[in-house]
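Novice: One structure coming up, written as structure tokens, with questions to follow.
Quick note: the coordinates plus some simple rules give every number you see, no bench work behind them. The structure displayed is predicted, hence computed values, not measured ones. FYI the Cβ positions are ideal-geometry reconstructions off the backbone, even for glycines, and counts take in every protein chain you see.
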Amino acid sequence: MQPTATQLLQSTFGFSSFRPGQQQVIDCLLAGRSSLAVFPTGGGKSLCYQLPALLLDGLTLVISPLIALMKDQVDALQQRGVAAARLDSSVAYDEVQGIYRSMADGSLKILYIAPERLANERFLQRLRRTSIALLAVDEAHCISEWGHNFRPDYLKIARLAAELRVGRVLALTATATPQVADDIRRVFSIADADQVLTGFHRPNLLLKIIPCTAQQRSPLLLQRLQSLPPGPTIVYVTLQRTAEQVSELLCRQGLRAQAYHAGLKDEQRSAVQDAFMCGDSGIIVATIAFGMGIDKADIRTIIHYNLPKTIENYMQEIGRAGRDGNRSHCEMLACADDLTVLANFTYGDTPIPEALHDLISHLLSQRQRFDVSRYELSAQFDIRPLVVATLLTYLELNGTLEATGPFYEGYKFQCKRSQQEICADYNGERAEFLAALFACAKPGRIWSHLLPAEAAVALQQPRERITAALTFLEERGDLILQSTGLRYGYRLAQRPADSAALITSMVEAFSRQEEQALQRLDGVLALVREDRCVVRHLLRYFGEELTEDCGQCSSCREPIAPPPATDTSRELSTEEVNLIRQLQAEQQSALQHPRQLTRFLCGITSPAASKARLTRHPRFGCLSSFPFAEVLAQVTP
């Protein structure tokens, strides 16, 4: 007899009762309906798919961009005896093959993947042979253009769910505004009644906003760390170099601090995170690269040394404190000078209109069926890969392009026994096909290299048969197989009657994204200048009303706080203007457009500048303290 959800809650997960909202979501899924769960960070979203996974026939596929979450949750599930696994770049080859075997035989119950894994054609072939009972989409706000972290790969998840005939979908997020929640429900066809929102208020978090100047900030940080109760602490900063500088400052003052950011090697980041997770004290000075998906219940203090990029980011980051229910302090050292750096990064993400024009014209000039590499397009047109991916997605959504599927340009393989022995396992045409396929490969000292497109022409066979044969031999253990050169296939579904109008609409779309990002910065500034209850202001942003002031935030305790100071007096000096002219005289090919040069001066990387190694140039970022628009005005002829 199958156990009930309540019995599993106790026997497998060790909880005596459900948290708010969990049972409602689980009942909805077990009834065969899709659901949207909007729970605060630390509100128990993961149980909403982990528990049903054990009661449903088939695989629960969890899509999450948070590798740390995957690792922690898979480790915890395996310790509880749950057949769970994750697929990411850190998983060893032999372990990957074991995961594929357990998918095939139905013994695997929960599989975690990143959204990018859905671009792997061999993985998709396996998914099509797998019964998927539940698709859980973590960080589901990424699906919405109105969200603070729009990711184009997320827009394709709904289409894939329909193609794979997924039983039901669970969308999960901690930071959905009403508009974003509407988007998520529409994309996944979730009924309004099947959205479960438990509320964003965390009374155990004591919020404090401290206005300060840039000069006051470091002494103030030291003072706050020394006066607050001890316990695990995260100090959030914007830039990698700031993480290093602040951690060094704290160490010089006798505090146990370590930096964490994306510029560290993988093993360094893992060591820093593991030490923090296992300890009952210590300070991490981190960019937003830290904390996504970690599950440490006793974080006592979170300090924003720099302003957060958005209200949504702020809610996620403070949500990592006090998950054990005990009081925790969340303080922001609010210096409006930070807005310049944050706004500059926003401008840096916006593609140059001329580059968009050239890229779209290039795509429209292709034959009916074609394929592209996002990274090749990024380098060719000096547009960031994520922006290239977003543009391609927009062109899919408006009917210009139709995706025919991702594939790898090439494969390399090692035979674990001789090719003759492998072919001898088969008879007739199949043996002849495999022998001819091996003959198409270019042998190397360790790896043999094969281009499926060329092999398909030589053998007069569909490309799909070639990749399926390689995958089959890998599953049997005859080959070690690796893929190279990810490409995306498209069909030009509709040539626009007015290509100029299409290009203009795309330029406007990215301008809107820029405007929305700047509006979110305005929202952060409004928060730090709030002279009434900070908690009520935050909750109102997410569509929730608090009946009375919280009584414990900085505005409730000190109602008349001055706005954060900002230095508006400084203008570009004659020397700095001359520096711009000198750089223009260098005539660097990667800095020809005014926006390219402005990005460089403001310390914002671009594909062309990185390829030319200009990020090592002594003048890179020399004007990062100035607003992008001000530098652009000086650069523009």
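Novice: What does the charge count around Gly98 come to, taking other residues whose C-beta lies under 14 Å from its C-beta (Lys +1, Arg +1, Asp -1, Glu -1)? Could the numbers behind the result be given before it?
Specialist: Values: positive: Arg86, Arg101, Arg126, Arg476; negative: Asp94, Glu95, Asp105, Glu474, Glu475.
Neighbourhood net charge equals -1.
Novice: Output the peptides 238-250, 305-317, 355-367 sorted from most to least packed, where packing is the average of other Cβ atoms within 10 Å over each peptide's residues.
Specialist: On the way: 238-250: 18.5, 305-317: 22.4, 355-367: 16.2.
Descending packing order for the listed peptides: 305-317, 238-250, 355-367.
Novice: So if R0 is 22 Å, what FRET efficiency would Asp280 and Gln78 give, r being the distance between their Cβ atoms, rounded to the nearest 0.05? Spell out each step's value before the answer.
Specialist: Details: r = 25 Å, r/R0 = 1.14.
Between Asp280 and Gln78 the formula returns 0.30.
Novice: In nm, what is the difference between 0.36 nm times the number of residues separating Glu545 and Phe472 and their Cα-Cα distance? Please report the intermediate quantities before stating the final value.
Specialist: Numbers: separation 73, 0.36 × 73 = 26.28 nm, distance 5.62 nm.
Full extension of this stretch gives 20.7 nm more.
Novice: I need the phi-derived Karplus couplings for segment 253-267: 6.51 cos²θ - 1.76 cosθ + 1.60, θ = phi - 60°, integer Hz, Gly and Pro marked x.
Specialist: Per-residue couplings from phi come out as 8, x, 8, 8, 10, 9, 8, 9, 7, 5, x, 7, 5, 3, 5 Hz.
Novice: Computed from the mean reciprocal separation of all distinct C-alpha pairs, what Kirkwood hydrodynamic radius does segment 1-47 have, in Å?
Specialist: Numbers: mean 1/r = 0.0868 Å⁻¹.
Over segment 1-47, the inverse of the mean reciprocal pair distance is 11.5 Å.
Novice: Under Stokes-Einstein, with the Kirkwood radius over Cα pairs standing in for Rh, what whole-number D in µm²/s applies to segment 334-458 at 10 °C and 1.306 mPa s?
Specialist: Details: Rh = 18.8 Å.
Rounded, D is 84 µm²/s.
Novice: Find the Cα radius of gyration of segment 96-246, compare it with 2.2 N^0.38 Å by division, and give the number to two decimals.
Specialist: 1.45
Novice: Taking the Cα atoms of segment 574-635 alone, what are Rg (to one decimal) and Dmax (as a whole number) in Å?
Specialist: Both quantities, over Cα of segment 574-635: 10.3, 31 Å.
Novice: Using the basic label-point model (7 angstrom from Cα toward the beta carbon), what is the Arg613 to Ile67 distance in nanometres?
Specialist: That separation, rounded to one decimal, is 2.7 nm.
Novice: Let me ask something additional. Any idea how far apart Gln460 and Asp371 come out in nm if each label point goes 7 Å out from Cα toward Cβ?
Specialist: Placing both labels 7 Å beyond Cα along the Cβ direction yields 2.2 nm.
Novice: Take every Cα-Cα pair in segment 416-555 and report what % of them are more than 23 Å apart. Display every interim value, and only then the final one.
Specialist: On the way: 6186 of 9730 pairs.
Summing the P(r) of segment 416-555 above 23 Å gives 64 percent of all pairs.
Novice: Same structure, new question: So how much slack lies between Asp531 and Arg445, counting 0.36 nm per residue of separation and subtracting their Cα-Cα distance, in nm? Mind dumping the intermediate values first?
Specialist: Values: separation 86, 0.36 × 86 = 30.96 nm, distance 6.96 nm.
Residue separation times 0.36 nm, minus the Cα-Cα distance, leaves 24.0 nm.
Novice: Follow-up. Find out how many positive minus negative residues lie around Ala629, taking Lys and Arg as positive, Asp and Glu as negative, among other residues whose Cβ is under 12 Å from that of Ala629.
Specialist: Working: positive: Arg595; negative: Glu514, Glu630.
Taking every other residue near Ala629 into account, the sum is -1.
Novice: Among Lys416/Lys442; Lys45/Lys296; Lys265/Lys296, which pairs are too far apart, with a Cα-Cα distance over 19 Å? Don't skip to the answer; put the middle values down first.
Specialist: Working: Lys416/Lys442 17 Å; Lys45/Lys296 15 Å; Lys265/Lys296 23 Å.
In this structure, Lys265/Lys296 exceed 19 Å between Cα atoms.
Novice: Same structure again: Please report the antiparallel percentage of the DSSP beta bridges confined to the chain, to the nearest 5. Display every interim value, and only then the final one.
Specialist: Details: 22 of 69 bridges.
Counting DSSP beta bridges with both partners in the chain, the antiparallel share is about 30 percent.
Novice: In nm, to one decimal, how far is the modelled label at Asp27 from the one at Ser499, with both set 7 Å along Cα→Cβ?
Specialist: According to this spin-label approximation, the distance is 5.8 nm.
Novice: If you don't mind, there's one more thing I want to ask. Quick check on segment 5-197: what are the equivalent-ellipsoid semi-axes from the Cα gyration tensor, as sqrt(5λ), descending, whole Å? Don't skip to the end; give the middle numbers.
Specialist: On the way: eigenvalues 109, 86, 47 Å².
One finds semi-axes of 23, 21, 15 Å for segment 5-197.
Novice: Regarding the chain, what is the average projected area of its C-alpha convex hull, in nm²?
Specialist: On the way: hull surface 130.7 nm².
Mean shadow area of the hull around the Cα atoms is 32.7 nm².
Novice: Hey, another quick one. Quick one: check the C-alpha center-to-center distance for segment 437-503 versus segment 71-150, whole angstrom.
Specialist: When both Cα centres are located, 23 Å separates them.
Novice: OK, next. Would you kindly state how much longer the chain becomes between Leu579 and Ala271 on full extension, computed as 0.36 nm times their sequence separation minus their alpha carbon distance, in nm to one decimal?
Specialist: Working: separation 308, 0.36 × 308 = 110.88 nm, distance 4.17 nm.
Taking 0.36 nm per residue and subtracting the Cα distance, the gain is 106.7 nm.
Novice: Suppose R0 equals 22 Å. What FRET efficiency, 1/(1 + (r/R0)^6) with r the Cβ-Cβ distance, do Arg159 and Leu486 give to the nearest 0.05?
Specialist: Numbers: r = 19 Å, r/R0 = 0.86.
Step by step, r from the Cβ atoms, then E = 0.70.
Novice: First select every other residue whose beta carbon is under 10 angstrom from the beta carbon of Thr175; then total the charges, Lys and Arg +1, Asp and Glu -1. Let's see the in-between values first.
Specialist: Numbers: positive: none; negative: Glu139, Glu312.
Once all neighbours under 10 Å are counted, the net charge is -2.
Novice: Also, quick follow-up: Work out the FRET efficiency for Val96 and Glu244 from their Cβ-Cβ distance, taking R0 = 41 Å, and round it to the nearest 0.05. Could you put the intermediate results ahead of the total?
Specialist: Numbers: r = 35 Å, r/R0 = 0.85.
About 0.75, to the nearest 0.05.
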